[in-house]
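Here is the structure we will look at.
The values are calculated or read from the model by the stated rules, or taken from the named source; none is laboratory data. What you see is a predicted model, and the numbers here were worked out from it, not measured in a lab. Reconstructed Cβ throughout: ideal geometry from the backbone, glycine too, with neighbour counts over all protein chains shown. The accessibility values were calculated without ligands, DNA or RNA, using every heavy atom of the protein model including side chains. Shrake-Rupley method; radii C 1.70, N 1.55, O 1.52, S 1.80 Å.
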Amino acid sequence: MLVKKNSGELIPYNPKALKRSLTKSGAKKEEVEEVFELVSKDIYNEIPTRELYRIAFSHLKNYRNSYAARYSLKRALRDLGPEGYYFEKWIGKLMQAAGYQSLHSEIVQGNAVTHEIDVVASKGDQLLFCECKFRNDEDAKISVTTPMYFLSRMKDVENHTYHFFGRDMKPTKGFLVTNAYLTTDSIDFANYYGIGLISWDYPETNSIKYLVDNAALYPITCLTTLTPEQEKVLLSKECILVKDLQQNNKFLDSLNLSKEQRNEVLEEANELLEIENFTCEIA
């Protein structure tokens, strides 16, 4: 049995991978087994991965909206586009959850030219400059040219002192952050030259999907009870995380929801954030 990726590439169907992804939804063991059996009945040779996702998403949503919301994380991050402005905002929130102060879209002067830093973050004696690379394609990979380019930018600013968060500091590390995948060459190059990496699945215990699930940093676009238009309204009002909505449900006032719709959104948000231990560490 084969499945067809968005790129058109055919790869072997992996039932274990499907079951792992269903487990990540937060569904109970018996629910995962039931959904897995239902999905398996609808799979056919060369089924597109998007269709496989749609089927699994639909079955999970029949159990709980929050299951479907967790399962849709990768899609939800793409919905922070199309340009990636809100993805950068979300990365700032990720840094804050790890105990950093953060700023977005800062202009700094290097030796040769000025640079726009997507996210500046600081904690203790650390000053991080983050380059955010947003991709709309679910199978996109960041090639080695991207960390090469970023290294040249860091070389241009590394010996300068900058005033951020009430202190004068030199940048201590650059981080390349992306919702996409990384090629092996890009990982090897970045690791050799000391560039920090955070991608969809790398490093294993510091990846986006790991950090989100462990610190409940779900973007507002995860919620299945909101329309894309409603999500855009909330994002424009700086409601980036589901946590933001939970902490201030007045954000919903701008959506003109009925009482029933409002309660449904808040119920999904509360279920999504039902995680016992929140931890987020950027290494």
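Taking K and R as +1 and D and E as -1, what net charge do the other residues with C-beta under 13 Å from the C-beta of residue 218 add up to?
Working: positive: 24, 70, 74, 75, 93, 209, 243; negative: 79, 213, 231, 244, 268, 271, 274.
It works out to a net charge of 0.
Give me the net charge of residue 186's neighbourhood, meaning all other residues with Cβ under 14 Å from the Cβ of residue 186; Lys, Arg count +1, Asp, Glu -1. Walk me through the numbers on the way to the answer.
Numbers: positive: 133, 135, 141; negative: 131, 185, 188, 201.
With Lys, Arg at +1 and Asp, Glu at -1, the neighbours total -1.
Counting only heavy atoms of protein chains, what accessible area per residue, in Å², does the range 156-246 have with a probe of 1.4 Å?
42 Å²
How far is helix 259-272 tilted, in degrees, relative to the longest principal axis of the Cα atoms in the chain, given as a value from 0 to 90 rounded to the nearest 10?
70 degrees
In whole Hz and in residue order, list the ³J(HN,Hα) couplings for the range 18-24 that follow from phi through the Karplus curve 6.51 cos²θ - 1.76 cosθ + 1.60, θ = phi - 60°; x for Gly and Pro.
4, 5, 4, 5, 5, 5, 4
Please give, to one decimal in nm, the separation of the simple spin-label points placed at residue 227 and residue 168, each 7 Å out from Cα toward the Cβ.
5.5 nm
Which label marks the calculated value of Cα extents along the principal axes in Å, given the options (1) 55, 50, 36; (2) 60, 46, 32; (3) 66, 64, 33?
For Cα extents along the principal axes in Å, the calculated option is (2).
Local charge sum around residue 3 (other residues, Cβ-Cβ under 11 Å, Lys/Arg +1, Asp/Glu -1)? Mind showing how you got there, number by number?
Numbers: positive: 4, 5, 50; negative: 9, 46, 51.
Net charge in that neighbourhood comes out at 0.
Residue 142's amide H: which non-local residues (gap 5+, or another chain) put their own amide H closer than 5 Å, with H modeled 1.01 Å from N in plane and none for Pro or chain starts?
Answer set, sorted by chain and number: 181, 182, 183.
Using alpha carbons only, how many degrees (0 to 90, rounded to 10) separate the axis of helix 49-63 from the longest principal axis of the chain?
Around 70 degrees separate the two axes.
If you count only protein heavy atoms with a 1.4 Å probe, what accessible area per residue comes out for the range 2-63, rounded to a whole Å²? Write out the running numbers ahead of the final one.
Working: 3860 Å² over 62 residues.
Per-residue accessible area for the range 2-63 comes out at 62 Å².
For the chain, calculate the relative contact order in percent as a whole number, restricting contacts to Cα pairs under 8 Å that are 6 or more residues apart.
Working: 450 pairs, mean separation 43.5, N = 283.
Taking the mean separation of contacting Cα pairs over the length of the chain, I get 15 percent.
Gap in Å between the Cα centre of the range 3-43 and the Cα centre of the range 54-98?
Rounded to whole Å, the Cα centres lie 18 Å apart.
So, R0 is 25 Å and r is the distance between the beta-carbons of residue 74 and residue 158; what FRET efficiency does that work out to, to 0.05? Could the numbers behind the result be given before it?
On the way: r = 33 Å, r/R0 = 1.34.
Working from the Cβ atoms, E equals 0.15.
Add -39500 (n - 2.57) for each DSSP H run of 4 or more in the chain, then divide by its residues: what number comes out at 222 nm, to the nearest 500 deg cm²/dmol? Let's see the in-between values first.
Details: 12 runs with 123 residues, N = 283.
Taken over the chain, the calculation gives -13000 deg cm²/dmol.
Relative contact order, percent, of the range 1-118 when contacts are C-alpha pairs under 8 Å separated by at least 6 residues?
On the way: 108 pairs, mean separation 22.1, N = 118.
In percent, rounded to a whole number, it is 19.
Using θ = phi - 60° and the Karplus curve 6.51 cos²θ - 1.76 cosθ + 1.60, what whole-Hz ³J(HN,Hα) does each residue of the range 192-198 get, with Gly and Pro shown as x?
Running phi through 6.51 cos²θ - 1.76 cosθ + 1.60 with θ = phi - 60° gives 5, 9, x, 8, x, 10, 9 Hz.
Under 26 Å from the Cα of residue 259, which lysines turn up, not counting those fewer than eight places away in the same chain?
Answer for residue 259, where 26 Å is the Cα cut-off: 61, 232, 237, 243, 250, listed by chain and number.
Counting only protein heavy atoms, what percent of the accessible surface of the chain is carbon or sulfur at a 1.4 Å probe?
Details: 6640 of 14150 Å².
Answer for the chain: carbon and sulfur cover 47 percent of the accessible area.
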